[in-house]
1. Would you call residue 290 surrounded by fewer than 22 Cβ atoms within 10 Å (Cβ to Cβ), in contact with a Pro (Cβ under 8 Å, 6 or more places away or on another chain), closer than 27 Å to residue 337 by Cβ and small (Gly, Ala, Ser)?
2. Please list, ordered by first then second residue, the pairs with beta carbon atoms under 7 Å, 6 or more apart or interchain, first in the stretch 77-89 and touching a residue at least 12 places away in the same chain (Cβ under 8 Å), second of a type in the set (Asp, Glu).
3. What number of residues within the stretch 149-184 satisfy the criterion of being loosely packed, with under 13 Cβ neighbours inside 10 Å and modelled with pLDDT under 80?
4. With the requirement that a residue be in a loop (DSSP other than H, G, I, E, B) and over 30 Å from residue 167 (Cα atoms), what does the stretch 243-286 give you?
5. Considering only the stretch 9-66, give the strands (runs of 3 or more DSSP E) lying wholly within it that have at least 1 residues that are polar (S, T, N, Q).
6. Given the conditions (1) surrounded by fewer than 18 Cβ atoms within 10 Å (Cβ to Cβ); (2) modelled with pLDDT under 95; (3) closer than 22 Å to residue 168 by Cα, which single one is not true for residue 209?
7. Any residue that is at pLDDT 95 or above, acidic (Asp, Glu) and closer than 30 Å to residue 194 by Cβ - is there at least one of those in the stretch 98-106?
8. Looking only at residues that are closer than 27 Å to residue 146 by Cα and of a type in the set (S, T, N, Q) in the stretch 255-287, which one is surrounded by the fewest Cβ atoms within 10 Å (Cβ to Cβ)?
Amino acid sequence: MNRLMRIDERLAAMAKPALEPVTAIDLAQDDCLVLCAGFEDRASAVLKSTVAQSAGFRVVTVAYEPFIPANRTDEIRGIVTGAGVDSREIVYDRMNPAGLGDDLLREVADVRGRLFLDISAMSRLLIVQCLVALRDWRGGLLDCVIAYAEAAGYPPAQAEVGDALRQAEANPLASFLLLSSGVDELTLVPELSAAAVGPIQTRLVVFPSFSPEQITALRNELSPSRCTFIHGVPPRDENRWRTEAIARINQIDLAGPDNLYTSTLDYRETLDCLLLLYGQHSESERLLVSPTGSKMQAVAVGLFRALLDDVQIVYPTPREFRAHNDYTRGVRQIYSLSVAPFAPIIQTHTIASE
């Protein structure tokens, strides 16, 4: 007698859609573009490429609070006004992020076309919240497309990181402000909580970053039984040094058994890695996943959590950011990712849960 495959097994076995490079995101009438008014150059890149050749669509802008003057809210409003398209806004309080999913679903409930989710300027937690919410949108991701503008330059520079590491060796109490510093609080939003209490033992799955306080805060607050580190591997050779440097900053022994490596751009590697961990450990350990890696790694976490609701998402909200004019620079490439192939699994899982 054949055994029915679990949802994680079906996900692991499916042919996952690839991220496709495009020159522009082409929206049709009745489509909707959801984007975030962040402070990076790429925040408006997808919108600019779209209004140059499309009309009749809707724009939903997620505006960050507390307000930061460097955010490109006014620029995006100007582009939308100039294009004469229907525009709406959602306020996202990064210090109190619960409920964003409900706000998003209300604004897109009457969208008749496709929904394009531009993650380029979104925080990692916001990306996960949006994808989990859209699981309950029409067709369960059937008409959803992810848009992503890859930056041309990613600080910090290698020399800057080398200086910081030397200072840390001379003074172990030295703090880093390579991208962000400190943790304001550990964020657990209700919509990303585990649906049921799992095993007593816990495994924290975390993506090391240039902000070592994140892992410290997660370990101190959660006291996980075990940790698995998923290290990001940049797609271009000139950035490969970052993987080892981040491990050194976080004082992670790369020779240990709990280190895994996935691309920072190809989300499929991260999703497969998470599914492998789930298959190996979910029966004996409750998985706590913190999306502190790249934005496309956060896409993998969002899809993973959208389909497996016994996973707990935790996020160490940064207290202080690097100067906003010294964050990612420019735009290298725009990508499109249709997540429609995941819809049949979502639909089947939803029916089975009812």
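The values are calculated or read from the model by the stated rules, or taken from the named source; none is laboratory data. Fair warning: this is a prediction, and the values are worked out from it, not measured in the lab. All Cβ positions, even for glycine, are placed from backbone atoms using ideal geometry, and neighbour counts span all protein chains on display.
1. No, not satisfied.
2. Short answer, once both residue conditions are applied: 88/107.
3. 6
4. 265, 266, 282, 283, 284, 285
5. Values: elements: 20-22, 32-36, 58-65.
In the stretch 9-66, the matching strands (runs of 3 or more DSSP E) lie at 58-65.
6. (1)
7. Checked the stretch 98-106: at least one residue is at pLDDT 95 or above, acidic (Asp, Glu) and closer than 30 Å to residue 194 by Cβ.
8. 263
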